[in-house]
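Enquirer: Encoded as structure tokens, here's the structure I'll be asking about.
The values are calculated or read from the model by the stated rules, or taken from the named source; none is laboratory data. Just so it is clear, the model here is predicted, and its values are computed rather than measured. Note that we place each Cβ from the backbone using ideal geometry, even for glycine, and neighbour counts take in every protein chain shown.
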Amino acid sequence: MSNMLLNINKFNILSEFSKDYSRKIYGRDVAKKLRMNQKTVSNTLNELEKEDILKFTHEGKNKYYYMNEFYPYIKEIIKLIEIQRKINFLKKYDKLKGLFSKLENQSEGILIIFGSYANFNANERSDLDIFVTGDISIEDLETSYNIKINIIKSSKKGFNKNEHIIKEIIKNHIILMGVEDFVDLIW
């Protein structure tokens, strides 16, 4: 696993699985989406399979990869991926770092950004979509940062993976707070 921490190709490929932990992915789709060389993607997927992090299945002539739920450290790998995605997110939206920090300080429970910000394609007119399990206070944050904040609240007990909005959050999220709790809810 220590090699994985240093390998950007493994991180980028495994990040594709963080959009849905049970997702099956075809190597060529990964190469196209990440704009990576097909051979590099194939070699990296094979390495991850040899390390037992990923498994594969054949559907026709195509080989689809998925996370190995029986790998003893799979949750830890998912958490590392989610933390690195948060770091990349904070770097991308550096101007809003203060807002994100205040949201973390004024929240309890899981705090997730979803929507256009989580897709890394927000602009100055984009709303900030937040999912939280617990309480959150956003008084004056909208005015201070000149941004509309939409909040979806739930409880851990009320978290239903079959709800449309929850499915959207699972596929497109940045976890600001509560990585372990979110991974436990999803996995």
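Conditions (1) outside the structural domain of ILE166 (by TED's automatic domain parsing); (2) among the aliphatic types (A, V, I, L, M); (3) farther than 22 Å from ASP94 by Cβ, marked per residue:
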| residue | (1), (2), (3) |
| --- | --- |
| ILE113 | no, yes, no |
| PHE120 | no, no, no |
| SER137 | no, no, yes |
| ILE147 | no, yes, no |
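Enquirer: If you scan region 152-187, which residues turn out to be surrounded by 13 or more Cβ atoms within 10 Å (Cβ to Cβ), more than 24 Å from SER101 (Cβ to Cβ) and aromatic (Phe, Trp, Tyr)?
Expert: Answer for region 152-187, where residues must be surrounded by 13 or more Cβ atoms within 10 Å (Cβ to Cβ), more than 24 Å from SER101 (Cβ to Cβ) and aromatic (Phe, Trp, Tyr): just PHE159.
Enquirer: Also, quick follow-up: Spot the failing condition for TYR73; the list is (1) in the same structural domain as SER154 (by TED's automatic domain parsing); (2) touching a residue at least 60 places away in the same chain (Cβ under 8 Å), and only one is missed.
Expert: Of everything listed in (1) in the same structural domain as SER154 (by TED's automatic domain parsing); (2) touching a residue at least 60 places away in the same chain (Cβ under 8 Å), TYR73 misses just condition (1).
Residue-by-condition table, conditions (1) surrounded by 13 or more Cβ atoms within 10 Å (Cβ to Cβ); (2) within 20 Å of the chain's Cα centre (by Cα); (3) of a type in the set (S, T, N, Q); (4) closer than 20 Å to ILE170 by Cα:
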position: ARG23; (1), (2), (3), (4): yes, yes, no, yes
position: ARG28; (1), (2), (3), (4): yes, no, no, no
position: LYS32; (1), (2), (3), (4): no, yes, no, no
position: THR40; (1), (2), (3), (4): yes, no, yes, no
position: LEU54; (1), (2), (3), (4): yes, yes, no, yes
position: GLU59; (1), (2), (3), (4): no, no, no, no
